[in-house]
Amino acid sequence: MSKIANAFAGGKAFIPFITCGDPDMETTAAVVRAAVANGADLIELGIPFSDPTAEGPVIQGANLRALEGGATTDRVFELVKDLRRDVSVPMVFMTYANVVFSYGAEKFISACGEIGIDGLILPDLPFEEKEEFLPLCHEYGVDLISLIAPTSENRIAMIAREAEGFIYLVSSLGVTGMRSEIKTDLASIVAVIRENTTIPCAIGFGISTPEQARKMAVISDGAIVGSAIIRLLEQHGKDAPSYVGEYVKSMKDAISE
């Protein structure tokens, strides 16, 4: 059984997204540990990329700051090795297919398995092309996590049936970023997912307040938050870990009510 299932075993999961190396690797490590100490159930780590097509301006800015600060894929792997000395919750990478290709797919995925990365999210990898990576992911024990978007429509059931780890349900069209409200009929999408798989489903994109997280957790198995956390890093830099910890606690409390 996938270790990712552990993140959902105790109730609704809160999943923070953190861009590795923004503003530096030491701060990233401290932010991850603060998030876990305050109730994060699974950590989504972004590997910086120069052209992050799924991201809005907040996370794009984090990618640029991280790259300017010297972040590389190898340094991200070293960061995870350090974190795994005391962080036991599941961790997944979110990056782009080009990052994996340029590193070497087998080298990248085998390293993920070695350092304790439990899953891989590639938002620019079409479902129909996942065979490019899936055999390697199975060989090295890494779940290839599927995204379902409001535009998936008649493909939702098919994607759900073949899903691994958890399903990342994209709340709304467009790129990542905070939204004042989420208008997509997510409950009906979750209903189709539930009919086709027992894999947990967490909702991301646009969630920033405890109230939004609570609403998303009512209809799904958890909430994923990125831009609101990156905004704290942008504002507080190396002092961000305590602020992120407080924020994670407020969000975890909200979805646990």
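The values are calculated or read from the model by the stated rules, or taken from the named source; none is laboratory data. Given the structure is predicted, the values throughout are model-derived calculations rather than measurements. Counting neighbours? That spans all protein chains shown, and the Cβs are built from the backbone with ideal geometry, glycine included.
Within the stretch 23-38, which residues are small (Gly, Ala, Ser) and buried (at least 20 other Cβ atoms within 10 Å of the Cβ)? Within the stretch 23-38, ALA34, ALA35 meet the criteria. Among the residues of the stretch 80-87, not a single one is modelled with pLDDT under 95 and over 21 Å from ILE230 (Cα atoms).
Residue by residue through the stretch 84-110, note down the ones that are small (Gly, Ala, Ser) and either loosely packed, with under 14 Cβ neighbours inside 10 Å or over 19 Å from THR19 (Cα atoms) (or both).
Of all residues in the stretch 84-110, those small (Gly, Ala, Ser) come to 88, 97, 102, 104-105, 110.
The answer is SER88, SER102, GLY104, ALA105, SER110.
Scanning the stretch 222-247 for residues being crowded, with 23+ Cβ neighbours inside 10 Å and touching a strand residue (DSSP E or B) at 6+ places or on another chain (Cβ under 9 Å) gives a total of 10.
Yes or no: ILE199 within 17 Å of PHE14 (Cα to Cα) and touching an Asp or Glu at 6+ places or on another chain (Cβ under 8 Å)? So ILE199 passes the test.
If you go through the stretch 1-22 and keep only what is at pLDDT below 95 and either closer than 18 Å to VAL218 by Cα or buried (at least 24 other Cβ atoms within 10 Å of the Cβ) (or both), you end up with just GLY10.
Can you tell me which residue within the stretch 92-124, out of those that are among the β-branched types (Val, Ile, Thr) and outside any helix (DSSP H, G or I), is nearest to ALA62 (Cα to Cα)? Once the filter is applied, the top-ranked residue is THR95. One residue stands out among those in the stretch 126-152 that are surrounded by 19 or more Cβ atoms within 10 Å (Cβ to Cβ) and over 20 Å from ALA7 (Cβ atoms): the one that is nearest to the chain's Cα centre (by Cα), which is ALA149.
ARG155 - would you say it is at pLDDT 95 or above, surrounded by fewer than 22 Cβ atoms within 10 Å (Cβ to Cβ) and out of contact with any Lys or Arg (no Cβ under 8 Å at 6 or more places or on another chain)? In short, no. Are any residues in the stretch 39-54 in contact with a helix residue (DSSP H, G or I) (Cβ under 8 Å, 6 or more places away or on another chain), under 16 Å from VAL99 (Cβ atoms) and surrounded by 19 or more Cβ atoms within 10 Å (Cβ to Cβ), and if so, which ones? Answer for the stretch 39-54, where residues must be in contact with a helix residue (DSSP H, G or I) (Cβ under 8 Å, 6 or more places away or on another chain), under 16 Å from VAL99 (Cβ atoms) and surrounded by 19 or more Cβ atoms within 10 Å (Cβ to Cβ): LEU45, GLY46, ILE47, PRO48, PHE49, PRO52.
Within the stretch 186-240, the set of residues being under 30 Å from MET158 (Cβ atoms), without any contact (Cβ under 8 Å) to a residue 24 or more places away in the chain and part of a loop (DSSP other than H, G, I, E, B) comprises THR198 only.
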